[in-house]
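**Student:** Structure provided below as C-alpha cells; questions to follow.
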Amino acid sequence: MDIDSVLEKVISWVKEVGKLQLQRLETNLNISTKSGEFDLVTEVDQLSEEILIGHILNEFPNHSILSEENGALKHHSKFQWIIDPLDGTTNYIHGFPIFSISVALKYCDELIMGVIYVPRLDELYVALKGRGAYLNYQRIEVSTSTSLESSLLSTGFPYNRGITSNNNLNFFNQLVPKIRGIRRTGSAAYDLCNVATGRFDGYWELSLNSWDIAAGKLLVEEAKGKVISLKVGEDSLLVAANQMICDLLLTEFEADLLKS
Ligand code: IPD
Ligand code: CA
Ligand code: CA
Ligand code: CA
C-alpha cells in the first residue's frame, strides 16, 4: 500500500464531508437520541459516515471498518479503519463551530494514519506513523510546559454522567484550583489536536470510545506527546499531554482515587 497516496485520498474524503457539514450547519436537523437523553445523533452524522464508508469500501473492499453509527464491519484483512464522522454532535446541533471528522487506519492493530479535519476552522491534522504530526502541512509538537500552574488543560463530561460511577467532577474539582485554565471544546478529537499543537498542555476524559480517540492518539504521539488509557473502576480514563504534564496528571488522578 502506498500510504502517501492513501493519505491524499483520505484528505479529499474528509474535506468533502466537511463541506457537507458546513452546508447543513444551522439548518433544520433531524435529531434523535441514542444511549440516553444527552447522546444525540443527526442525519448529518449518518450521511457523513455513509460517505466515508462508501469511499473506503470502493477503494478497499476487503478492509475492516469500525465506525460510530454503523459499528463493526469485519473482513479478513490486516487493515482496519476507525471513523468518527462528526465528533462534536452537540456543538453541531447548537451551531457552536467546533466539530470535526476523525479517520484513523490501523495495520495489524497498530495505528499507522490519523486524519482529523475541523471544517469551520479549515484545520487539517495529519499523522503518519514514524513521520510526525502536521497541521495544514506544518509540523506540530506538544507544549514544553513543566508545571500544572502554567498549564491550560481541557476535559469533557460523559453523556452518561447522570448514572456513571465517575462523572469527572471529582477530577475537575481536584485539578481546577491548581492549573492556569480549563477548556471544554466538545470534540474529543479536537481536544487531542490541541494537545498535539501545544495549545493545550494536557487533556483528560472518561468513557471515550475508540472512534473518538484513534486518529488523535497517533497525532499526539507523533507530536512527541504521551497518551495513556487506564481503567478507573468500570470507566476508561484517557490522559494525553506532553510527557511531563501527563505524569503530573496521572499522579493527581491516583491521589484522587486513593481518597475514595
Ligand atoms: C463526543 C465528543 C465530546 C465528548 C464525548 C464524545 P460525539 O463525541 O467527543 O467532546 O465529551 O464523550 O462522545 O458523540 O460528538 O461524536
Ligand atoms: Ca455521538
Ligand atoms: Ca465522538
Ligand atoms: Ca460522532
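**Student:** Using only the C-alpha atoms of the chain, find the volume of their convex hull and express it per residue in Å³.
**Tutor:** For the chain, the hull spanned by Cα atoms encloses 122 Å³ per residue.
**Student:** Using alpha carbon centroids, what distance separates the stretch 114-168 and the stretch 236-260, in Å?
**Tutor:** After rounding, the separation between the Cα centres reads 16 Å.
**Student:** Something else about it: Given R₀ = 35 Å, FRET efficiency for residue 76-residue 160 by Cβ-Cβ distance, to 0.05?
**Tutor:** It comes to 0.55.
**Student:** I'd like to know which of 233, 65, 79 lies farthest towards the positive end of the charge dipole of the chain, counting +1 on Cβ of Lys and Arg and -1 on Cβ of Asp and Glu.
**Tutor:** 233
**Student:** Another question, if that's okay. Tell me the mean residue ellipticity at 222 nm calculated for the chain from its helices only (DSSP H runs of n ≥ 4, each -39500 (n - 2.57), averaged over every residue, nearest 500).
**Tutor:** -11000 deg cm²/dmol
**Student:** Then there is this: Excluding residues on the same chain fewer than 8 positions from residue 129, give the lysines whose Cα lies under 27 Å from its Cα.
**Tutor:** 9, 15, 74, 78, 106, 217, 224, 226, 231
**Student:** Starting with the fewest neighbours, write out 224, 231 ranked by other beta-carbon atoms found within 10 Å of each beta-carbon.
**Tutor:** 231, 224
**Student:** Oh, and also: Dipole magnitude of the stretch 39-79 about its Cα centre, charges +1 at Lys/Arg Cβ and -1 at Asp/Glu Cβ only, in debye to the nearest 20?
**Tutor:** For the stretch 39-79, the charge dipole is close to 400 debye.
Each reported figure results from applying straightforward, stated rules to the coordinates on display, with no laboratory input. If you're wondering where the values come from, they're calculated on a predicted model, not measured in any experiment. Neighbour counts run over all protein chains shown; Cβ positions are idealised from the backbone, glycine included.
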